[in-house]
1. Which one is farthest from the other protein chains (Cβ to nearest Cβ) among residues in segment A:259-284 that are hydrophobic (A, V, I, L, M, F, W, C) and outside any loop (DSSP other than H, G, I, E, B)?
2. Tell me the residue from A:Ser246, A:Ser202 that is within 19 Å of the chain's Cα centre (by Cα) and small (Gly, Ala, Ser), please.
3. Could you say whether any residue in segment B:115-122 is of a type in the set (Gly, Ala, Ser), under 18 Å from B:Ala213 (Cβ atoms) and under 20 Å from the mean Cα position of the chain (by Cα)?
4. Taking interchain pairs and intrachain pairs at least six residues apart, which have beta carbon atoms under 8 angstrom, with the first residue in segment B:235-246 and under 10 Å from B:Ala203 (Cβ atoms) and of a type in the set (Lys, Arg) and the second outside any loop (DSSP other than H, G, I, E, B) and at pLDDT below 95?
5. How many residues are under 12 Å from B:Gln116 (Cβ atoms), within 14 Å of the chain's Cα centre (by Cα) and part of a helix (DSSP H, G or I) if we restrict to segment B:190-235?
6. Every residue in segment B:119-139 that is in a loop (DSSP other than H, G, I, E, B) and either of a type in the set (S, T, N, Q) or at pLDDT 95 or above (or both), please.
7. Take A:Ile393 and tell me if it is modelled with pLDDT of 75 or more, closer than 30 Å to A:Asp343 by Cβ, β-branched (Val, Ile, Thr) and assigned to a loop (DSSP other than H, G, I, E, B).
Amino acid sequence: MSSTSVGQSDQSFKRLLARYEPVIGLEVHCQLNTASKLFCSCKTEFGSLPNQNTCPLCLGLPGVLPVINKTAVDYAIRMALAVGARIREKSVFARKQYFYPDLPKGYQLTQYDLPYCEHGSLTLDNGRVIKIERIHMEEDAGKNIHGDNASYVDLNRAGVPLLEIVSAPEMYSPEEAVDYLRKLRAIVRYLGISDGNMEEGSFRCDVNISLRPRGASKLGTRTEIKNVNSFRNVEKAIAYEILRQSDLLDSGETVRQATLLFDAATGRTQMMRSKEDAPDYRYFPEPDLGPLFISSERIKTIQFLIPELPEARKKRFQESFVIPEADAAQLTEEHELAAFFEDVVRLVDGKVAPKIVANWINTEFLREMNNRQAQWASPILSAGDLAELLRLIGEGTISGKIAKTVFEEMIEKKVSAKSIIDAKGLVQISDTGEIKSVVADIIAQFPEQVVQHRAGKPKVFGFLVGQVLKVSQGRFNPALVNQSLKDALDGDPKS
Amino acid sequence: MAGIDPIQMSACAIASAVNEGSIKAADVVSSFLQRTEDLHRELNTHVFWDKEAVQNETEKQLDYIEAARRAQKYLPLAGVPIAIKDNIMAEGSIVSCGSKFLQNHRAAFDATVIKQLKQAGAVLMGRTNMDEFGMGSSNENSAFGPVRNPWNRSHVSGGSSGGSAAAVAAGMTTLALGSDTGGSVRQPASFCGVLGLKPSYGAVSRYGLVAYASSFDQIGPIGTNARDLARTFDLLRTHDPLDSTSVDTSAFEKTEIQLERPLKGLTIGIADELLQEGLDEDVKKSFFESLEVYKELGCTIKKITLPNLRHSIPTYYILATAEASSNLARFDGIRFGVRASKPGASLKDLYAQSRSEGFGREVKQRIMLGTYVLSSGYYDAYYAKANRMRELIRRDFAAAFEYGVDLIATPTAPTTAFVLGQKTDNSLSMYLMDIYTIAANLSGIPALSLPIGLDRKGLPIGLQLMGKTHHEGELLRSAYQYEQYKRWTERPKF
């Protein structure tokens, strides 16, 4: 096996991808953020004391019966509609049977041969449409906790509703896989059905991957990498598996179908079990539930609740705000960010171009949000405060450069732009008389440069502007300084 | 009413007397407590019987009944003792399901039926012995020993609700609850000379019933007369939001008010193919005599054919064991139940040891059978095929009812109660005991067993009536009118 790590040999990795095409399929387990579990009324909240959110049902006590959570089904329907999938009128929960201490009933309720949803799709940034083969509902298992001399079981998570979203094996690079995941996560967040948090495990991913020689149509033998818990790790796990599988193929060996675990610490995959050891889950229809019926009326009602989704919002931003696709894509990745942008655009009231708002939000604002690890529930600045600041730029009250210092101070001190500007006297000066007098001073101070400028040396003009602004401590309106200096130097007849 | 021994009274008579104050619920309860105390060892009808504990538990309910009486609030089962099969949850009780595995399992909640009974004024009268997890036809598969038949102690009580049927027959309780997966209420009722009803699937909530085979199980009442059964069934039949398979029957007419309606015009179907080999002569004779009674009562007897019913037993033993293998997976020694004394080195050992020690032979046999039929590569040949057969059996019944038959009559069991130990070495001959009863569970229709006589050894014979789904009224009415006509009042001697 190769010991090459990915970062060290980007070039050889590229050469390798010129010979082999990776074929990637993703299975995402997305935790629905319903208040209660899928088959009982226990809370689903994260971070409770072990076994606090349990009842006879999710403890698997004898004598209990599951009752489906209607909200979870409604959320599942939202997801199906968001990816344009077909919803089955009659779907069936099955028992997937295996023994493990975190599985209290000895079986997991999941949809098997009759899932509620099939045939959806999702479009990547590069325009490729990835098929979503199926989506089904299932319950989560609990968690085993291993101590020094004993193991413990926490069943808070047992019975929490999940959607399993299965793509077709149609992604051909680690980047496509990550883009697919980002898009999918954006959708569940837009729909408000999941927080999509990979670290807390509410958005988990299994990766199927095989290699085939470029140009070949037959698929190679695939391996499945379980529970990769960040976008970065998805990329790393795929890259590692590409290296591992290509090494095998290059040395004339075969890839064995297997389930692997990704070790984030070493960046490698490890064998979990081979195909031969695959358990027999003995699926059969859950007799305690009966089929799940989803009526077309119910689907219609839920259709009304589907918000504008990232893809459509991105297009709308591009068209109605005249901003580049990359900006629109970044702004619409998260629903809250897009809404924030729209709020600011509305509040600047046409005084600032949306493109400038987009730049400010995508760079200054997001950088500070990340630096301060702020959440959308309490952003570093309100949309109103940011809009005020931008409006002051647009109106020429302060320069863009000053605005950046004001911005930081607003965050630090939690005060309005106006009060900072007033307190520090940062208002931009647009008095042409005052500007002209400084311009005249500067021309007098730098006669040599004036000669150079007149001889056609291009950089000198900028130097002279800089000198004027320096005198004003950045408060002169730069456009007016430009104009005034130009007039003075080029001998405007009126001056 | 005062002066009459409550042990001789029907549930309806006790309830009337208690409601009107002519008898005290506490006196009724103490008569039955004493009767159970006197007889339970001999018949082994109860598990973990502790007179004082049961008595203490009745106090709160007696207060409730007394308060209702003072408020002149009518309770349909005021002061009526009811014994509960040991697979139905009653908060605070040990619910062992006749298994060593659960001998320390204390119920954390009340089954829906227990709530309903308490509300109706019934008094819980101990937990009755049963075949382990409901798997058996003779009550010899209980981890706590077999139940003995009150009519003859060397014979079996039938199963799996053997303790419930025997306790009613012996007058230790007025009513009992059983559960019926393939005949487990009707067959012991037949063997013990009492009545037992298996309601339509979905009519009575299964919430709190420890599942054996979920798509077959139904809780049903056992009693000494049709009116008691009708009243109990009427109050148990409600839609339960905790049971997704429970049916909303609120629009249906109560069965008790239908009892007096004449049977004239009813058609009873009989299928010759079910009355051939293996059927005991005495049982057969009584069966045909009972049909004569129904003719007298104005019914028409019509020959029908149920061609697929001969596949009932294999179909049942594939589907029910498949479900059982899954339902019993939770008994793994991890969270509750008995963990192996020597759990072994690995997790796998812990499971294997705990389950090897905890389960009895029949349960293990059925778990293995069920695991096998669901295994990859065998599913289609067994489970899927059996499901198709189940559908054909349903259609047989649908065709018969469409043909104009209102009820279908068979013996409840091919023989009367057999001698203890006689069939324990031969699973197949034991399974054949369920030949008449299983089809109702496969198709979900209601069925009832009523006593129609004794064989030459003095053991009771039962008649099974099966009806259309949610037509329990016709079954109970037919049983009631038979009782009124025959006045069959024989009880076992003590």
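The values are calculated or read from the model by the stated rules, or taken from the named source; none is laboratory data. Since the model is a prediction, treat every value here as computed from it, not as a measurement. With ideal geometry, Cβ positions are generated from the backbone for all residues, glycine too; neighbour counts draw on all protein chains shown.
1. Narrowing segment A:259-284 to residues hydrophobic (A, V, I, L, M, F, W, C): A:260-262, A:264-265, A:271-272, A:278, A:284.
Right, trim to outside any loop (DSSP other than H, G, I, E, B) and you get A:260-262, A:271-272, A:284.
Details: A:Leu260: 22, A:Leu261: 18, A:Phe262: 24, A:Met271: 19, A:Met272: 16, A:Phe284: 6 Å.
Among them, the one singled out is A:Phe262.
2. Numbers: A:Ser246 fails: within 19 Å of the chain's Cα centre (by Cα).
Within the list A:Ser246, A:Ser202, the selection yields A:Ser202.
3. The first filter runs over segment B:115-122 and keeps only residues of a type in the set (Gly, Ala, Ser), leaving B:120-122.
Among the residues that remain, those that are also under 18 Å from B:Ala213 (Cβ atoms) are: none.
No, there is no match, as no residue in segment B:115-122 is of a type in the set (Gly, Ala, Ser), under 18 Å from B:Ala213 (Cβ atoms) and under 20 Å from the mean Cα position of the chain (by Cα).
4. Within 8 Å, no pair qualifies.
5. 2
6. B:Ala120, B:Gly121, B:Ala122, B:Asn129, B:Met130, B:Asp131, B:Met135, B:Ser137, B:Ser138, B:Asn139, listed by residue number.
7. Numbers: modelled with pLDDT of 75 or more: yes; closer than 30 Å to A:Asp343 by Cβ: yes; β-branched (Val, Ile, Thr): yes; assigned to a loop (DSSP other than H, G, I, E, B): no.
Considered against the rule, which asks whether it is modelled with pLDDT of 75 or more, closer than 30 Å to A:Asp343 by Cβ, β-branched (Val, Ile, Thr) and assigned to a loop (DSSP other than H, G, I, E, B), A:Ile393 comes out as no.
One line per residue, one yes/no per condition, for (1) in contact (Cβ under 8 Å) with a residue 40 or more places away in the chain; (2) within 14 Å of chain A (Cβ to nearest Cβ); (3) in contact with a Leu (Cβ under 7 Å, 6 or more places away or on another chain); (4) surrounded by fewer than 23 Cβ atoms within 10 Å (Cβ to Cβ):
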| residue | (1), (2), (3), (4) |
| --- | --- |
| B:Ser30 | no, no, no, yes |
| B:Gln34 | no, no, no, yes |
| B:Glu37 | no, no, no, yes |
| B:Leu43 | yes, no, no, no |
| B:Phe48 | yes, no, no, yes |
| B:Gln55 | no, no, yes, yes |
| B:Asn104 | yes, yes, no, yes |
